[in-house]
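Input: a single structure, listed below in structure tokens.
The values are calculated or read from the model by the stated rules, or taken from the named source; none is laboratory data. Please read all numbers here as calculations on a predicted model, not as lab measurements. The protein model used for the area step is the full one, side chains on, heavy atoms only, and it has no ligands, DNA or RNA in it. Shrake-Rupley method; radii C 1.70, N 1.55, O 1.52, S 1.80 Å.
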Amino acid sequence: MKTKEYEIIFTKEDVQSFVQLIGEQNLIYQSPKGAKDDDSEPIPLPPTMPMMAYKWLETPLELQQPMIHRKQKCIQHQRMYIGEIYRAIVEVTNPFQRQNLTFIKQTLYLYRNDGQLCFEGVSDLILGGLT
């Protein structure tokens, strides 16, 4: 098992770009006023957005091409919000070889500063190899 840890913050601009990309219409992700109408103080992240953290992170091992994304599972344990600092941990486990390909499980964990797990994203990948 290999892990790597980071601190990340999702900005309002990140969320606006993401909701525009996916076509999300819910105003809760657009403004504090929209968030307050839904009984929330800060603006929450869309439930699938935490997987976008990979654009800021490096995996603990270098993944070699080709890379095939077999399946993915996202679990939101607690609502996440714009502007909060999260501790991101990427974990690579279960590597095995079959016919010159490497199979791994890569998991992204996002924790609040108090240690509470907020998000878990599990990806099963097939790779040309690992270094």
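For the range 62-131, report the % of Cα-Cα distances exceeding 14 Å. Please report the intermediate quantities before stating the final value.
Details: 1484 of 2415 pairs.
Summing the P(r) of the range 62-131 above 14 Å gives 61 percent of all pairs.
Note on the chain: Lys pairs 8 or more places apart or on different chains, Cα atoms under 30 Å apart, count 22. Considering only Glu58, Glu91, Glu13, the Gaussian network model of the chain with Cα springs below 10 Å gives its largest mean-square fluctuation to Glu13. Each listed q (0.15, 0.16, 0.21, 0.22 Å⁻¹) maps to a log10 I(q)/I(0) for the chain from the Debye sum over equal C-alpha point scatterers, namely -0.75, -0.82, -1.19, -1.27.
For the chain, find the longest principal axis of its Cα atoms and tell me its angle to the long axis of helix 12-22, 0 to 90°, nearest 10. So the helix axis and the longest Cα principal axis differ by about 70 degrees. Computed in the context of the full set of protein chains, the accessible area of the chain at 1.4 Å probe radius has 47% of its extent on carbon or sulfur. Couplings for the range 87-92, taken from phi via the Karplus curve 6.51 cos²θ - 1.76 cosθ + 1.60 with θ = phi - 60°, read 8, 9, 10, 10, 10, 10 Hz in order; Gly and Pro are left as x.
Evaluating 6.51 cos²θ - 1.76 cosθ + 1.60 at θ = phi - 60° for every residue in the range 114-131, the Karplus couplings come out as 7, x, 6, 6, 9, 8, 9, x, 10, 10, 9, 10, 10, 10, x, x, 10, 9 Hz, glycine and proline recorded as x. Residues in the range 70-131 average 51 Å² of solvent-accessible surface per residue, probe 1.4 Å, ligands and nucleic acids excluded.
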